[in-house]
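Report on the structure given below.
Read-outs throughout are calculated quantities, based only on the coordinates presented, and are distinct from any laboratory measurement. Predicted, not measured: the structure shown is a model, and the values here were computed from it. As a convention, Cβ positions derive from the backbone with ideal geometry for all residues, glycine included, and neighbour counts pool all protein chains shown.
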Amino acid sequence: MNVTERINRILFILSYVSKNQGVTIEKLAEQVGLRPKQLMKELDFMLLIGKPPFRPDDYVDIYVEDEQVYVEFDQMLNRPLRLTRPEAMALLMSLKLLDPEVDPKTVRSLKNTIEKAISNTIDPEARPEDRIVLEQPSRPVSRYFSLLRQGIDQNRKAEIDYYSLTRDSTSHRVIHPYFLTKKMGYWYLTGYCELRKGLRTFKFERILSVELYRDKFTPPEEVETNKYKHNFLKSMGSRRIEIYFDSKVAPWIKERWGSSVTKAENDGVVLNLACETLEYPSRLVLSFAPYAKPLNPPELIEKVKKDSQDIIQLYKSKVVH
């Protein structure tokens with residue numbers, strides 16, 4: 001898990017517990033996709049969150065009593081927040097980094113409140129870039145995402161139309177949605193597919209339609225669900241990909257791909273992926289050239305060589321007017 005994902009999880013825990021004081025460890029762990037022991041470690045870490053000058057009474061107080069979680073904030077945090085205009089602008093731009101699917105109502109409410117506060121300070125001589133930021137619409141929230149979350153929460157079957165990139169065709173399926181996972185900036189749905197008679201993972205952006213059934217399914221045991229999540233990369237493709245990135249881009253790669261990255265020689269890193277085709281990893285290597293090098297499989301190395309030659313020929317060819 002990268003830094004952004006962990007911050008989002010911590011903010012969610014604080015918000016959820018403050019609205020549901022006394023929530024049980026088991027329920028909170030389920031909400032954030034952790035085991036109870038893992039959640040307790042995260043709560044211990046959150047005890048270090050505070051505001052300068054970091055006196056003992058300046059920290060967030062989150063504690064557990066009788067297997068129930070409570071949170072108390074420093075009283076200074078209960079005062080109305082006063083932001084300078086640049087601070088509000090920065091906060092608004094930070095909101096755009098959040099995934100609106102996770103909590104669409106809250107994100108929309110925060111965005112509208114901040115935009116209103118900022119717009120009241122804009123005069124006719126405001127800079128053009130200020131207006132662009134304010135008028136730029138946020139990424140729309142797909143109603144399919146909400147339907148699938150509802151199906152997961154209520155153990156209801158769903159009917160989807162799914163486009164397969166490798167087969168270049170659309171199939172009609174009935175699935176038992178188990179969980180949604182985000183990996184490398186994309187959302188995926190994992191569940192039992194009645195058409196294929198087994199567990200399948202679907203890239204969310206290729207789901208063309210969703211209809212929720214009244215029919216319910218029996219969800220797998222928690223142990224099985226955790227196993228599915230642990231083996232998530234295996235469901236993304238049969239080819240195991242290894243790409244080396246040197247020290248100049250290693251920090252960015254580690255931040256972007258998190259646990260899929262391992263240390264390598266000369267302060268570089270190796271990115272491990274699972275893909276059905278070689279198109280994406282080849283484009284990835286070329287986009288970071290000359291700081292990236294394909295390692296495995298051998299066919300990826302050949303693919304990158306061929307794509308490189310195609311690019312060279314493209315630049316050598318005459319421009320047709």
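Using θ = phi - 60° and the Karplus form 6.51 cos²θ - 1.76 cosθ + 1.60, what ³J(HN,Hα) does each residue of the stretch 6-18 get, whole Hz, x for Gly and Pro?
Couplings: 5, 4, 4, 5, 4, 4, 5, 4, 4, 5, 5, 5, 4 Hz.
Separation between the S171 and R206 pseudo-spin-labels, each 7 Å from Cα along Cα→Cβ, expressed in nm?
Between S171 and R206, the label points sit 1.0 nm apart.
If you scale each eigenvalue of the Cα gyration tensor by 5 and take the root, what three semi-axes come out for the stretch 239-316, rounded to whole angstrom and sorted largest first?
Taking √(5λ) for each eigenvalue gives 22, 15, 10 Å, largest first.
So between T262 and T106, what do we pick up on full extension, going 0.36 nm a residue minus the alpha carbon distance?
Full extension of this stretch gives 52.6 nm more.
So if we plug the beta-carbon distance of L95 and D310 into 1/(1 + (r/R0)^6) with R0 = 35 Å, what FRET efficiency do we get, rounded to 0.05?
Efficiency computed from Cβ-Cβ geometry: 0.30.
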